[in-house]
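Everything below concerns the one structure shown next.
The values are calculated or read from the model by the stated rules, or taken from the named source; none is laboratory data. The shown structure was predicted, so the numbers you read here are calculated from the model rather than taken from an experiment. Glycine gets a Cβ as well: all are built from the backbone with ideal geometry, and neighbour counts include every protein chain shown. Remember, those area values only see protein heavy atoms, side chains included, never the ligands or the DNA or RNA. Shrake-Rupley method; radii C 1.70, N 1.55, O 1.52, S 1.80 Å.
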Amino acid sequence: MKIATIRNGDPDGQLVVVSRDGTRFVAATGIARTLQEAMENWSIAEPALRQLAGTLEADVATGEPIRSADLAAPLPRAWQWLDGSTYLSHAVLMSRVFRMDLPPTDRPLMYQGASDHFYGPYDDLIVPTEADGIDFEGEFGVVTDEVPMGTDARQAAEHIRLIVQINDWSLRALAPIEMKTGFGWIQAKPHCSMAPFAVTPDELGEAWRDGRVALPLEVKWNAEPFGVVDGYPMAFSFAELVAHAARTRKLVAGTVIGSGTISNENYREVGSACIAERRGIELADSGEARTPFMSFGDTVEMEARGLAGETLFGRIVQKVAQG
């Protein structure tokens with residue numbers, strides 16, 4: 001099942017069910033007004049949404065055409081956004097960029113980010129200055145229903161209801177300053193963006209494996225190929241991330257948990273999902289980071305398709321603009 005949120009003037013938009021090819025939608029009228037409402041009543045909403053999806057798929061004349069301008073993030077705002085860092089090659093490269101020691105790898109790394117707004121897939125990123133080191137970060141994420149405190153990884157897997165594709169924007173010049181305080185990021189992390197469609201795990205078929213998204217994410221910068229990175233080699237599964245987050249508190253329905261920037265050990269062959277990682281490679285190879293960060297007017301595109309090349313999450317296409 002594939003779902004989305006259409007802009008309607010309300011901050012949380014209108015929940016819709018989307019055809020498998022991503023071209024048509026029908027409003028979830030009478031089931032849930034918003035995705036947040038659906039997440040809070042998932043045991044009731046999910047069967048009704050699936051029935052609606054079946055009706056939409058069976059009749060090609062059903063539904064309205066999707067227009068890019070109408071698509072918000074699936075969750076335009078969420079109660080909670082927690083981002084992990086689960087790719088070890090990314091940690092190695094970033095330690096070079098920031099000239100810091102590698103963090104411990106025996107437990108998941110995670111921080112709590114700004115969840116009051118998620119950019120839609122085609123919204124401009126608004127930032128004050130290029131001097132802050134504007135960078136994109138391609139990753140996958142999951143959306144949970146309510147998760148009780150102390151839930152273990154096996155049980156946590158049952159609370160993963162949706163999978164999303166995320167661009168976790170970063171301002172690299174500000175990050176090391178805030179990291180050294182020990183209090184976490186505020187200025188270095190603008191709002192994230194989401195690809196237009198959230199999908200249930202079964203929509204991925206065999207690509208949902210071991211609690212991981214075993215699909216390549218293609219990233220382009222100013223229409224030029226930048227990386228095609230595999231989402232599978234997470235050091236910790238999404239179920240383990242959920243359990244980690246729920247160790248000392250329950251997670252509310254609609255919690256979004258990210259994988260962190262996707263990165264592969266063979267990064268010289270497949271490229272990267274963020275600029276900072278490429279700079280880390282350059283530091284390792286020549287002792288100098290040459291690739292600049294983004295400028296106003298630059299664009300980034302991200303898309304992960306299914307195993308047969310089918311549309312899954314849709315595309316993120318964003319431009320950087322001055323605010």
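Values for this structure:
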| item | result |
| --- | --- |
| Single residue of THR151, THR181 found to be hydroxyl-bearing (Ser, Thr, Tyr), open to solvent by 30 Å² or more (accessible area, probe 1.4 Å) and farther than 18 Å from ALA235 by Cα | THR181 |
| Of all residues in region 32-68 being small (Gly, Ala, Ser) and surrounded by 12 or more Cβ atoms within 10 Å (Cβ to Cβ), the one that is farthest from ASP202 (Cα to Cα) | SER68 |
| Residue identified as open to solvent by 40 Å² or more (accessible area, probe 1.4 Å) and out of contact with any His (no Cβ under 8 Å at 6 or more places or on another chain) among PRO74, PRO11 | PRO11 |
| So ALA223, is it open to solvent by 30 Å² or more (accessible area, probe 1.4 Å) and of a type in the set (Gly, Ala, Ser) | yes |
| Within region 123-177, strands (runs of 3 or more DSSP E) holding 1 or more residues that are in contact with a strand residue (DSSP E or B) (Cβ under 8 Å, 6 or more places away or on another chain) and hydroxyl-bearing (Ser, Thr, Tyr) | 138-144 |
| Residue list for region 195-215, filter: part of a strand (DSSP E or B) and surrounded by fewer than 19 Cβ atoms within 10 Å (Cβ to Cβ) | ARG209 |
| Count - residues of region 235-260 that are closer than 20 Å to GLN80 by Cβ and part of a loop (DSSP other than H, G, I, E, B) | 13 |
| Inter-residue pairs, beta-carbon under 6 Å, first under 16 Å from MET302 (Cα atoms) and in region 116-128, second open to solvent by 60 Å² or more (accessible area, probe 1.4 Å) and in a strand (DSSP E or B), 6+ apart | ASP124/LYS319 |
| Residue check, GLU218 within 16 Å of MET302 (Cα to Cα) and surrounded by fewer than 16 Cβ atoms within 10 Å (Cβ to Cβ) | no |
| Filter result for PRO108 (touching a Ser or Thr at 6+ places or on another chain (Cβ under 8 Å) and surrounded by 15 or more Cβ atoms within 10 Å (Cβ to Cβ)) | yes |
| Cβ pairs under 9 Å, 6+ apart, first in region 294-321 and aromatic (Phe, Trp, Tyr), second at pLDDT 95 or above and open to solvent by 40 Å² or more (accessible area, probe 1.4 Å) | PHE296/GLU130; PHE296/LYS319; PHE296/GLN322; PHE313/ARG305 |
| Of all residues making up region 237-283, the number that are open to solvent by 50 Å² or more (accessible area, probe 1.4 Å) and more than 22 Å from SER115 (Cα to Cα) | 6 |
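So that you can scan it fast, the table gives a plain yes or no per residue for (1) aliphatic (A, V, I, L, M); (2) touching a helix residue (DSSP H, G or I) at 6+ places or on another chain (Cβ under 9 Å); (3) within 28 Å of PRO74 (Cβ to Cβ):
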residue	(1), (2), (3)
GLY231	no, yes, yes
GLU240	no, yes, yes
ARG249	no, no, yes
VAL252	yes, yes, yes
GLY258	no, yes, yes
ARG268	no, yes, no
ALA276	yes, yes, yes
GLU282	no, no, no
ALA289	yes, yes, no
